[in-house]
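The values are calculated or read from the model by the stated rules, or taken from the named source; none is laboratory data. These numbers were taken from a predicted model, which means no experiment stands behind them. FYI the Cβ positions are ideal-geometry reconstructions off the backbone, even for glycines, and counts take in every protein chain you see.
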Amino acid sequence: MTQDDGDLDTLVRRRIRALRVAQGWSLEELATRARVSQSTLSRIENGQRRLALDQLVTLARALDTTLDQLVETATDDVIVNPTVDAAHTQKRWPVRAEPGMTVVRRRLTGPPPDNPAQMRAHPGREWLVVLSGTAVLLLGNRRLRVETDQAAEFPTMLPHAIGADGGPCEILGIFDRDARRGHQGRRDTRPAS
């Protein structure tokens, strides 16, 4: 197994747990839905059991996602800088627009959660631009600073959270249909995306 394979393995395990927690399901509930034993599921999430393709397919179905989304890897081009059109005095941030997208402006005042278990994962894609201040985006194993006028785009199947760094920040978030559903189901009020 290469280092990249180990990173993917860890990422998939975190996604399974994050998706289960996002649904509000216990180990027992997901195990029942996936028709695996609770101890098997626990060992999968904790890295004590080898990931098998047939189990990943079953878990993806039980988590209402696809195998592709479950094993999708992060892209390196998460942070995007705007292009400035001086002739028209405007800034543009490229985004892949889709029908059904939702735009939300948010003010964040606290840092992202310290505990990786509090990071969320759900189907979809999210795009955000920092309007003022500095945001911290936790994305899988990465911690990214997103400054004013920078944008980030990422698949929300990566465990993620966002907060402010060094004071309040304002962001404009754009969610596709799946990401919007993932956020509408949130039960807490912490400043995570």
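Close Cβ contacts (under 8 Å, 6 or more residues apart or on different chains) running from residues in segment 94-107 that are in the same structural domain as residue 128 (by TED's automatic domain parsing) and over 8 Å from residue 176 (Cα atoms) to residues that are in a strand (DSSP E or B) and at pLDDT below 75 comprise 94/80; 94/83.
Would you confirm, using the coordinates I've provided, whether residue 60 is of a type in the set (A, V, I, L, M, F, W, C) and at pLDDT 85 or above?
On the way: of a type in the set (A, V, I, L, M, F, W, C): yes; at pLDDT 85 or above: yes.
When the stated conditions are applied, residue 60 passes them.
Hey, which of the strands (runs of 3 or more DSSP E) in segment 122-193, taking only ones fully inside, have at least 1 residues that are assigned by TED's automatic domain parsing to the domain that holds residue 111, among the β-branched types (Val, Ile, Thr) and modelled with pLDDT of 85 or more?
On the way: elements: 125-132, 135-139, 142-146, 151-155, 160-164, 169-175.
Strands (runs of 3 or more DSSP E) meeting the threshold: 125-132, 135-139, 142-146, 160-164, 169-175.
What residue, among those in segment 9-63 that are surrounded by 14 or more Cβ atoms within 10 Å (Cβ to Cβ) and of a type in the set (Asp, Glu), is nearest to residue 119 (Cα to Cα)? Ranking the candidates gives 45 first. Taking the numbered list (1) hydrophobic (A, V, I, L, M, F, W, C); (2) at pLDDT below 85; (3) surrounded by 15 or more Cβ atoms within 10 Å (Cβ to Cβ) in turn, residue 117 passes all entries but (3). Looking at segment 1-69, the helices (runs of 4 or more DSSP H) lying wholly inside it that each contain 3 or more residues that are within 18 Å of residue 158 (Cα to Cα) and of a type in the set (A, V, I, L, M) sit at 3-23, 53-62.
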